[in-house]
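Shown next, in structure tokens, is the structure this report addresses.
The values are calculated or read from the model by the stated rules, or taken from the named source; none is laboratory data. Model, not experiment: these values are computed from the prediction. Don't worry about glycine lacking a Cβ; one is built from the backbone with ideal geometry, like all the others, and counts go over all protein chains shown. The area values use the complete protein model at the heavy-atom level, side chains included, leaving out ligands, DNA and RNA. Shrake-Rupley method; radii C 1.70, N 1.55, O 1.52, S 1.80 Å.
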Amino acid sequence: MTPAAYAVLNLNALKHNVQKVRDCAPGAKIMAVIKANGYGHGMLRVAETLASAADAFAVARVQEGIRLRKAGLQNRIAVLEGFTCAEELDDLLAYQLDAVVHTGSQLDLLERHAGQAQIAVWLKLDTGMNRLGFNAKEFPEAHRRLSRCASVRQPVNLMTHLANADDMQDPMTMTQITLFEQTVAGAPGERSIANSAGILGWQAALTDWVRPGVMLYGISPFPDSTGGQLGLQPVMGLHSRLIAVKPLAKGDSVGYGCRWVCGQDTTLGVVAIGYGDGYPRYARPGTPVLVNGQRVPLIGRVSMDMITVDLASQPDAKPGDAVTLWGEGLAVEEIALCSDTIPYTLVCGVTQRVRLVEAGAGDNPLLRTV
């Protein structure tokens, strides 16, 4: 039996999207960003799919890197948040994970570390994101300390993060790139600047390494386009089914708060999905939903387990009929716009009770936890 709410993952689309990265940055190595459980797609599943296509992986936290190593992944793995204590530094060394170094306390820990093991590091320059990293004035001293540190494998690698690359009209991105180039000029080591928006929109951001994130999953990093329009293929489709169909009369209200009121007689459809599954709580009435491949509007408030749709254009719809919340024919970027959010939050927010199904694996496979 098909589960009430399930997500179909097209792993071939992952490979297609990595090739798109290669096409955009042919001279760069690829550090595939698979943090946050592979943007909701399953970190191990994504890593195993891309193990031979990506040159390295990037995760946010030490435990994510350890999990990849314990699963047998041999690729280079960078931990973007680095380490916060001696125990985490020990784990990074033990599991041969790269560390991003972005604060003075990390320098102190590296200098105090005893032992022969060395760690590969990425020294992060803050060029305007104002989150993690050393600013331009702090950078020379941080680089000097790392270059003399016995625990650090040489040469030190260098990175920054773009704050507004999704806005092609904003000059900040070129300001950041220029500041990075000027600050690290003459230093040895490999460079990394470009995220997904940098890869697709800013040629000057393409250096030794690129760090694709959301584009790997077929999603556009730009607010005015979809992944499909950029030549990407969506990896995730979110699906459910109708569980009830009932007539409504003009003047009937629908859902909590009774704020949506029928302007005319119509037919209501109830879909087995809600914010408890990761469908956005603040999706507005009128948000498109596909029923049997045809668009119908969301009506009423999104509930924990259900949403309601207007089936006026689907008079033959019945319980059990297929529903797509996003996927083929309905871009997740469009649903994000209708919910005043970004597509990242939607794919990352799919909850554990949604069954993840690999395309071609059948309707109800026994799936491992990812």
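Search segment 321-334 for residues being not hydrophobic (A, V, I, L, M, F, W, C) and not in a strand (DSSP E or B), and hand back the single one that is farthest from Ser225 (Cα to Cα). Steps first, please.
Of all residues in segment 321-334, those not hydrophobic (A, V, I, L, M, F, W, C) come to 321, 324, 327-329, 333-334.
Among the residues that remain, those that are also not in a strand (DSSP E or B) are: 321, 328-329, 333-334.
On the way: Asp321: 30, Glu328: 16, Gly329: 15, Glu333: 8, Glu334: 9 Å.
For segment 321-334, the residue satisfying everything is Asp321.
Could you identify the single residue in Leu238, Leu232 that is under 17 Å from Val350 (Cβ atoms) and either crowded, with 16+ Cβ neighbours inside 10 Å or under 24 Å from the mean Cα position of the chain (by Cα) (or both)?
Numbers: Leu232 fails: under 17 Å from Val350 (Cβ atoms).
The unique qualifying residue is Leu238.
Just checking, how many residues over segment 1-54 are open to solvent by 40 Å² or more (accessible area, probe 1.4 Å), farther than 23 Å from Arg355 by Cβ and touching a Phe, Trp or Tyr at 6+ places or on another chain (Cβ under 9 Å)?
The total comes to 1.
Looking at Ala114, Ala54, which one is out of contact with any Leu (no Cβ under 8 Å at 6 or more places or on another chain), at pLDDT below 95 and part of a loop (DSSP other than H, G, I, E, B)? Walk me through it before giving the result.
Numbers: Ala54 fails: at pLDDT below 95.
The match here is Ala114.
For segment 81-94, check the following and say yes or no: at least one residue is open to solvent by 10 Å² or more (accessible area, probe 1.4 Å) and closer than 30 Å to Ala7 by Cα.
yes
In segment 241-281, what residues are under 30 Å from Pro212 (Cα atoms) and either without any contact (Cβ under 8 Å) to a residue 12 or more places away in the chain or surrounded by fewer than 18 Cβ atoms within 10 Å (Cβ to Cβ) (or both)?
The answer is Gly276, Arg281.
I'd like to verify a number: residues in segment 208-229 that are surrounded by fewer than 21 Cβ atoms within 10 Å (Cβ to Cβ) and not in a loop (DSSP other than H, G, I, E, B), how many?
Looking only at segment 208-229, we keep the residues that are surrounded by fewer than 21 Cβ atoms within 10 Å (Cβ to Cβ), and these are 208, 222-226, 228-229.
Those left that are additionally not in a loop (DSSP other than H, G, I, E, B): 228-229.
Of the residues in that region, 2 qualify.
Just give me the residues in segment 117-132 being outside any strand (DSSP E or B) and either over 23 Å from Ala205 (Cα atoms) or open to solvent by 20 Å² or more (accessible area, probe 1.4 Å) (or both), in sequence order.
Quick first cut of segment 117-132, residues outside any strand (DSSP E or B) only: 117-118, 120, 126-132.
Listed by number, the residues that qualify are Ala117, Gln118, Asp126, Gly128, Met129, Asn130, Arg131, Leu132.
Within the bounds of segment 99-110, is there any residue that is open to solvent by 30 Å² or more (accessible area, probe 1.4 Å) and in contact with a Pro (Cβ under 8 Å, 6 or more places away or on another chain)?
No, segment 99-110 has no match at all.
Being in a loop (DSSP other than H, G, I, E, B), at pLDDT 95 or above and among the small types (Gly, Ala, Ser) narrows it down to one of Ala150, Ala142, so name that one.
Details: Ala142 fails: in a loop (DSSP other than H, G, I, E, B).
The conditions single out Ala150.
Checking the conditions here, which among Asn17, Asn37 is closer than 30 Å to Ala272 by Cα, under 14 Å from the mean Cα position of the chain (by Cα) and at pLDDT 95 or above? First the steps, then the outcome.
Values: Asn17 fails: closer than 30 Å to Ala272 by Cα.
Checking each option against the conditions leaves just Asn37.
Any idea how many residues of segment 197-207 are among the small types (Gly, Ala, Ser), open to solvent by 10 Å² or more (accessible area, probe 1.4 Å) and farther than 24 Å from Ala336 by Cα? Talk me through it step by step, then tell me what you get.
Of segment 197-207, the ones among the small types (Gly, Ala, Ser) are 197-198, 201, 204-205.
This time we only want the ones that are open to solvent by 10 Å² or more (accessible area, probe 1.4 Å), so: 201, 204.
Next, from what is left, pick out any that are farther than 24 Å from Ala336 by Cα: 204.
The total comes to 1.
Between residues in segment 4-27 that are farther than 12 Å from Ala53 by Cα and residues that are charged (D, E, K, R) and open to solvent by 50 Å² or more (accessible area, probe 1.4 Å), which pairs lie under 6 Å by C-beta distance while being six or more apart or on different chains?
These pairs meet every condition: Tyr6/Arg355; Leu9/Glu358.
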